[in-house]
Amino acid sequence: MHKEISEPSAASSVSGNGAFTPARLALRRVLIDTYHENVAYMHRDCEIYRAEGFKALSKVEVRTNGRHVLATLNVVEDPSIVACGELGLSIAAFAQMGVEDGHTATVSQAEPPASIGALHRKLNGERLGLDDFRTIVQDIAQHHYSKIELTAFVVACNRDELDREEVYYLTEAMIAAGKRLDWRENMVVDKHCIGGIPGNRTSMLVVPIVAAHGMLCPKTSSRAITSPAGTADTMEVLANVELSVEKLQDIVRKHRGCLAWGGTANLSPADDVLISVERPLSLDSPGQMVASILSKKVSAGSSHLVLDIPIGPTAKVRSMPDAQRLRRLCEYVARRLKLTLDVVITDGRQPIGLGIGPVLEARDVMRVLENDPRAPNDLRQKALRLAGRLIECDPDVRGGDGFSIARDILDSGRALTKMNDIIQAQGSKQFDHNQPQLGALTFEIHATEAGVVTGIDNLQLARIAGLAGAPKVKGAGVDLLCKLGANVQPGTLLYRVYADFTADLEFARQACKKSSGYTIGEASEMPHVFVEF
């Protein structure tokens, strides 16, 4: 039988010994931030593009100097972006290659990620095992998945909710994909909140309090996902948060604590990639939330964790039965990971503190630490209770004494001293909470009727602060003047919005016109919430 043998393409060559040699293109760094996705750019008239049969959005493998990346191909027609003899790479993808502009590399059709079969089974609703999750998470951490494939995984896990065993498998896989810090101490403590409550900057108070008590508390935090500020965004107003692992370890060993962004430490790296898809989809399923939180904490070396679950009409968790289900799931996974967990259910009916946005929240934190009479009492009390729960992990502390110990540390100024030490060690920035650098543009929202503030919509206030520019614009946000239970009259100032740009201010103003986020009514209409403190 005659077999037709095709000639090698002009883009490639076959050596005398029959070995196939892919053609090479000059690499070009394309200044586009594709946010946790490797993207390659090739000109439509490139000889290799035609000869190899590449298509837009197909996966390609780029190799040079012993390194390789898998990338999603985008096709361009403007030679000023990428010329015919070049291969463009997005910022993150180019950095992974470790070469200069113009260095040559080969490009070829990529094999599907090793875990694609497991992904398809999950899409069909099948239950996956530990090895399945390990291969999927490894491919995610190494940026082998396109945004489409990532979205498919996130949606599949959200639609067919993971059972508790699968949540454990996912968590274990996320830990295994990155670094794991070992502090060589029997007790390493941390505190975390599931999020959804604006202004809830208790971590920035808990860390200096428990560190002043002598406990090791290496706090690595995320930047804002859907909120107007994360702990890292707010701490960045006061100090540098992008620390190398070596510097982070030095600071923690010397000062017993830190408040740093976790992205530079390569702790559970797949989590940041998954978040890049969950954020625009506004998905935050319980299983993925638990895996995200616990994988980061175990990777950071924590042995004891206090987890804050706020409940309220506009919180992530809306009812006590939902909170209890989430608690049981967290406790099951933590037990399998040998992590000592204390889950605390708290009041999530309204923002904590007065400020929403990095500068405003940093102002509130520093006022609490300085025992300033203007400090928001709800932020102070919640932080003391959470710090007290962590302090009671100390075998030398009698149960029930944690709160008073935490209060003494705060009132004495020891927490402020510890915070200042941490700020100096991380790299201090100029900040004066008496004259914070807020956005230059502002408008106010006033009550339109008399009554009692019976509701404050967390989601709407966070949205308004985000539209005003937070967290990217540090001084943007919302400053609350009235909280739940306040008596108001027509014209009473409810809150003030700050922005730096006219467009942002107008976006926030239009959102306020649709809904101020405040409900005015009778005192009897205020929502009740059953919390543990």
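The values are calculated or read from the model by the stated rules, or taken from the named source; none is laboratory data. All figures in this text were calculated on a predicted structure; none of them were measured in a lab. Glycine gets a Cβ as well: all are built from the backbone with ideal geometry, and neighbour counts include every protein chain shown.
State which residue is surrounded by the most Cβ atoms within 10 Å (Cβ to Cβ) when the search covers only segment 345-357 and only residues that are of a type in the set (A, V, I, L, M) and assigned to a strand (DSSP E or B). Within segment 345-357, the match that is surrounded by the most Cβ atoms within 10 Å (Cβ to Cβ) is ILE356. I need the full set of residues from segment 186-211 which are part of a loop (DSSP other than H, G, I, E, B), in contact with a helix residue (DSSP H, G or I) (Cβ under 9 Å, 6 or more places away or on another chain) and among the hydrophobic types (A, V, I, L, M, F, W, C), in order please. If the condition is that a residue be part of a loop (DSSP other than H, G, I, E, B), in contact with a helix residue (DSSP H, G or I) (Cβ under 9 Å, 6 or more places away or on another chain) and among the hydrophobic types (A, V, I, L, M, F, W, C), then ILE194, ILE197 are the ones that fit.
Of VAL317, VAL290, which residue is out of contact with any strand residue (DSSP E or B) (no Cβ under 9 Å at 6 or more places or on another chain) and more than 17 Å from ASN186 (Cα to Cα)? Exactly one of VAL317, VAL290 is out of contact with any strand residue (DSSP E or B) (no Cβ under 9 Å at 6 or more places or on another chain) and more than 17 Å from ASN186 (Cα to Cα), namely VAL290.
Only a single criterion out of (1) of a type outside the set (Val, Ile, Thr); (2) farther than 26 Å from VAL30 by Cα; (3) touching a residue at least 40 places away in the same chain (Cβ under 8 Å) is not satisfied by ASN124, namely (3).
Restricted to segment 212-239, and to residues that are of a type in the set (D, E, K, R) and outside any helix (DSSP H, G or I), which residue is surrounded by the fewest Cβ atoms within 10 Å (Cβ to Cβ)? Across segment 212-239, the extreme among qualifying residues is ARG223. Among the residues of segment 246-262, those that are part of a helix (DSSP H, G or I) and over 17 Å from MET289 (Cα atoms) comprise GLU246, LYS247, LEU248, GLN249, ASP250, ILE251, VAL252, ARG253, LYS254, HIS255. Scanning segment 179-194 for residues that are closer than 20 Å to SER244 by Cα and surrounded by fewer than 21 Cβ atoms within 10 Å (Cβ to Cβ) turns up LYS179, ARG180, LEU181, ASP182, TRP183, ARG184.
For beta carbons closer than 9 Å, sequence separation of 6+ or different chains, a first residue in segment 197-210 that is in the same structural domain as ASP457 (by TED's automatic domain parsing) and crowded, with 24+ Cβ neighbours inside 10 Å and a second that is part of a helix (DSSP H, G or I) and at pLDDT 95 or above, there are no qualifying pairs. If you go through segment 71-125 and keep only what is of a type in the set (S, T, N, Q), out of contact with any Ser or Thr (no Cβ under 6 Å at 6 or more places or on another chain) and not in a strand (DSSP E or B), you end up with SER80, GLN96, ASN124.
From the list LEU390, LEU369, LEU386, LEU360, the lone residue that is within 13 Å of LEU205 (Cβ to Cβ), buried (at least 16 other Cβ atoms within 10 Å of the Cβ) and within 22 Å of the chain's Cα centre (by Cα) is LEU386.
For segment 58-93, the set of residues classified as more than 16 Å from HIS43 (Cβ to Cβ), surrounded by fewer than 19 Cβ atoms within 10 Å (Cβ to Cβ) and of a type outside the set (S, T, N, Q) consists of GLU61, ARG63, GLY66, ARG67, HIS68, ILE91, ALA92, listed by residue number.
Of note, GLY439 does not satisfy the criterion of being more than 22 Å from PRO376 (Cα to Cα) and under 25 Å from the mean Cα position of the chain (by Cα). Scanning segment 126-146 for residues that are in a loop (DSSP other than H, G, I, E, B) and under 26 Å from the mean Cα position of the chain (by Cα), we see that the one that is surrounded by the most Cβ atoms within 10 Å (Cβ to Cβ) is TYR145.
Results for (1) within 30 Å of THR519 (Cα to Cα); (2) among the aromatic types (Phe, Trp, Tyr); (3) touching a His at 6+ places or on another chain (Cβ under 8 Å), shown as yes or no for each residue.
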residue: ASP308; (1), (2), (3): yes, no, yes
residue: ILE311; (1), (2), (3): yes, no, no
residue: SER319; (1), (2), (3): yes, no, no
residue: ASP322; (1), (2), (3): yes, no, no
residue: CYS330; (1), (2), (3): no, no, no
residue: ALA334; (1), (2), (3): no, no, no
residue: VAL344; (1), (2), (3): yes, no, no
residue: LEU360; (1), (2), (3): yes, no, no
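Just to be sure before I move on: is ILE311 farther than 26 Å from GLU236 by Cα and touching a residue at least 60 places away in the same chain (Cβ under 8 Å) in the structure I sent? In short, yes. Within the set ALA26, ALA51, the sole residue that is at pLDDT below 90 and either of a type outside the set (Asp, Glu) or assigned by TED's automatic domain parsing to the domain that holds ALA152 (or both) turns out to be ALA51. Here GLN324 meets each of (1) more than 30 Å from THR454 (Cβ to Cβ); (2) outside any strand (DSSP E or B) with one exception, condition (1).
When we screen VAL306, VAL317 for residues that are more than 22 Å from VAL207 (Cα to Cα), hydrophobic (A, V, I, L, M, F, W, C) and crowded, with 19+ Cβ neighbours inside 10 Å, the only hit is VAL317. Considering only residues in segment 490-533 that are in a loop (DSSP other than H, G, I, E, B), polar (S, T, N, Q) and in contact with a strand residue (DSSP E or B) (Cβ under 9 Å, 6 or more places away or on another chain), the one that is nearest to GLY199 (Cα to Cα) turns out to be SER516. GLY402 fulfils the conditions (1) more than 29 Å from the chain's Cα centre (by Cα); (2) in contact (Cβ under 8 Å) with a residue 60 or more places away in the chain; (3) buried (at least 18 other Cβ atoms within 10 Å of the Cβ) except for a single criterion, (2). For segment 454-500, filtered to residues that are small (Gly, Ala, Ser) and touching a Phe, Trp or Tyr at 6+ places or on another chain (Cβ under 8 Å), the residue that is surrounded by the fewest Cβ atoms within 10 Å (Cβ to Cβ) is GLY455. The requirement of being within 17 Å of ILE140 (Cβ to Cβ) and either without any contact (Cβ under 8 Å) to a residue 24 or more places away in the chain or acidic (Asp, Glu) (or both) is satisfied by PRO280. Each residue in segment 329-344 was checked for being touching a residue at least 40 places away in the same chain (Cβ under 8 Å), farther than 20 Å from ILE197 by Cα and not in a strand (DSSP E or B), and 7 pass. State whether one or more residues within segment 324-343 are at pLDDT 95 or above, among the hydroxyl-bearing types (Ser, Thr, Tyr) and surrounded by 22 or more Cβ atoms within 10 Å (Cβ to Cβ). Within segment 324-343, none of the residues are at pLDDT 95 or above, among the hydroxyl-bearing types (Ser, Thr, Tyr) and surrounded by 22 or more Cβ atoms within 10 Å (Cβ to Cβ).
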